[in-house]
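Notes follow once the structure below has been shown.
The values are calculated or read from the model by the stated rules, or taken from the named source; none is laboratory data. Owing to the predicted nature of the structure, the values given are computational and were not obtained by experimental measurement. With ideal geometry, Cβ positions are generated from the backbone for all residues, glycine too; neighbour counts draw on all protein chains shown.
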Amino acid sequence: MDLFLDEAGYTGSDLINRDQPMFILASTVIEECEARALLDSAFGRPRNEVKYSKKSRSSQGRRQILEFLHSLNINRRKTAFYSFHKEFLLLTHLIDYWVEPAMRAGGVNLYERGGNIAYSNVCYLTLGTCLGREGRREFLRRFQVMTRDRTPFAFRTFWDSVREVKRQDELVAEALGPLEIIGARLGYRHLIDLPEHVLDVSDLGILQTVQHWRAEFPEETFLVFHDQSNMLERRRSFWEAVLDPANPRATVGQDRRAITFPLPIQGLRLEESHNFPQLQVADLVAGAGRSIWNTRISGCSDEYSDALVDAGILDGFVGGVGPTDLVAPADLETEGPVYGDMAEYLSGLVRMHGPEAGDN
């Protein structure tokens, strides 16, 4: 089965971009003849590639998009998308790459029973409540600068800001706990050793997307087509290593987040979307999903966003990463068993496939 992926809201390692707060990864298993018929019907047999970013600029284009979505009749059997709240992702990176290693060194698995998710939710909501949205954004901006620049000055500036916000409010101090001690213990060397593309969201959701379609079609194998992506091209060797159907069998991760390898993937192709109507379908779904979530984050609504909802765009929403007020394992659906370490297994795949995979 051919699986087509496209994304919207990509801003590289800038996760606090005001204009693009959400990253969307859409996918479809629709066949070429059906995709072409849908595009022809809604957009009047277009001679050029149909792109959401262009069509959504005009009232006529928006009407065509809505007609397309109604005709597509989005459902999880043919189309799906994941959404990622980029500012919240910044905070999860702080938890995953600083708090988690320190706790693991002390013999605690922060990922067990969704502890990392619960802690991220608590910290994000506490920072927003006590510092305000702009105060939280500035705190996370300094973390982003430190992670991108990796200079001693940026390192000191961020950890100074940790001490500063803890002094400002007792609840913040309680939520962040020993974070500044962790920073001092891990030190500047830990920052330098972080993966080069740690903040880039271009390949977020690929494993989740594969898992989704594996569950929908458990007897199928997939050939993955992704719209041409410079970042994914640079990381192609890594993804070819991860997706290799000859990888050793293992179940890694925990609870609902566990993944069984090898994945049912027969290959990864990066293609120009103008050659594949299915990629244009994925682009339209990704763009519409981004429009919905961007509007909701802003706290407002408009006629077009309401019309997108009425057209059924949210019927294709299957998951992602974003803040909630949930902290209990039962509510997070993280009460399942703990398997092997995901990061360790992926690192082993990279080593097994040679230095080219690791370099990317």
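Could you check how many residues of the range 117-143 are surrounded by 21 or more Cβ atoms within 10 Å (Cβ to Cβ) and of a type outside the set (V, I, T)?
Residues that pass the stated criteria total 9.
State which residue is modelled with the lowest pLDDT when the search covers only the range 285-312 and only residues that are over 16 Å from S53 (Cβ atoms) and aliphatic (A, V, I, L, M).
Only one residue fits best here, namely I297.
If you scan the range 195-235, which residues turn out to be surrounded by fewer than 18 Cβ atoms within 10 Å (Cβ to Cβ), under 15 Å from G267 (Cα atoms) and among the charged types (D, E, K, R)?
Those that are surrounded by fewer than 18 Cβ atoms within 10 Å (Cβ to Cβ), under 15 Å from G267 (Cα atoms) and among the charged types (D, E, K, R): E220, E233.
One line per residue, one yes/no per condition, for (1) crowded, with 23+ Cβ neighbours inside 10 Å; (2) modelled with pLDDT of 95 or more; (3) of a type in the set (K, R); (4) part of a loop (DSSP other than H, G, I, E, B):
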| position | (1), (2), (3), (4) |
| --- | --- |
| N48 | no, no, no, yes |
| Q64 | no, yes, no, no |
| E67 | no, yes, no, no |
| H70 | no, no, no, no |
| R77 | no, no, yes, yes |
| Y82 | yes, yes, no, no |
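In this structure, does V122 turn out to be assigned to a helix (DSSP H, G or I), under 28 Å from I297 (Cβ atoms) and in contact (Cβ under 8 Å) with a residue 60 or more places away in the chain?
yes
Scan the range 76-99 for residues that are more than 19 Å from the chain's Cα centre (by Cα) and not assigned by TED's automatic domain parsing to the domain that holds L314 and report the count.
Within the range 76-99, residues that are more than 19 Å from the chain's Cα centre (by Cα) and not assigned by TED's automatic domain parsing to the domain that holds L314 number 2.
Quick one: count up the residues across the range 179-197 that are touching a Lys or Arg at 6+ places or on another chain (Cβ under 9 Å) and touching a residue at least 40 places away in the same chain (Cβ under 8 Å).
5
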